[in-house]
């Protein structure tokens, strides 16, 4: 069936997105999902996340903006973020840019195989406004590491449409922070 094929390639598609894709009502999608024993999007995300993630070291998992669905420490990661009314400007329905940034930035930090990781530099390009109701899939690849700085290629897509891409450099300290640098100098 077309719905099963589509969800195998786009497991994070919402019922609204599926209804648009197949030009049917949301109720029809929900009935078809139930008949085929396909869970709602949140359950599909949770199942994918359980199968594809390492343990995050550099921050608490709850601090990542979006839900991590794939994570290989030191290599790559993917997260999904559902745009809700709290994430958009009330007048326009357009997502506030800091949520787009926070999704890729927190994911880049989560990917680091280190006790401490902080953003050193970013170069991002926003391609188009994102609106209420969209589901964003962010991906981070660690492409180089020199000394204690990792260079990450990042992008965010809504369905197949790239909405943000660029580079984030993350400074890492694998051993963790020194206890109290100011106290050690007697300040």
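The values are calculated or read from the model by the stated rules, or taken from the named source; none is laboratory data. Predicted model only: the values in this text are computed from it and were never measured. Using ideal geometry, Cβ is built from the backbone for each residue, glycine included, and neighbour counts are taken over all protein chains shown.
Name every residue in segment 124-150 that is surrounded by fewer than 17 Cβ atoms within 10 Å (Cβ to Cβ), farther than 26 Å from residue 11 by Cβ and more than 17 Å from the chain's Cα centre (by Cα), in order of residue number.
144, 145, 146, 147, 148, 149
The rows are residues; the columns are (1) in a loop (DSSP other than H, G, I, E, B); (2) farther than 16 Å from residue 135 by Cα; (3) in the same structural domain as residue 112 (by TED's automatic domain parsing); (4) at pLDDT 80 or above.
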| residue | (1), (2), (3), (4) |
| --- | --- |
| 18 | no, no, no, yes |
| 27 | no, yes, no, yes |
| 30 | no, yes, no, yes |
| 58 | yes, yes, yes, no |
| 62 | no, yes, yes, no |
| 71 | no, yes, yes, yes |
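Just checking, does segment 99-113 include any residue being in contact (Cβ under 8 Å) with a residue 12 or more places away in the chain, outside the structural domain of residue 15 (by TED's automatic domain parsing) and at positive phi?
no
When only residues in segment 82-118 that are modelled with pLDDT of 95 or more and touching a helix residue (DSSP H, G or I) at 6+ places or on another chain (Cβ under 6 Å) count, which is surrounded by the fewest Cβ atoms within 10 Å (Cβ to Cβ)?
Applying the filter and picking the extreme gives 99.
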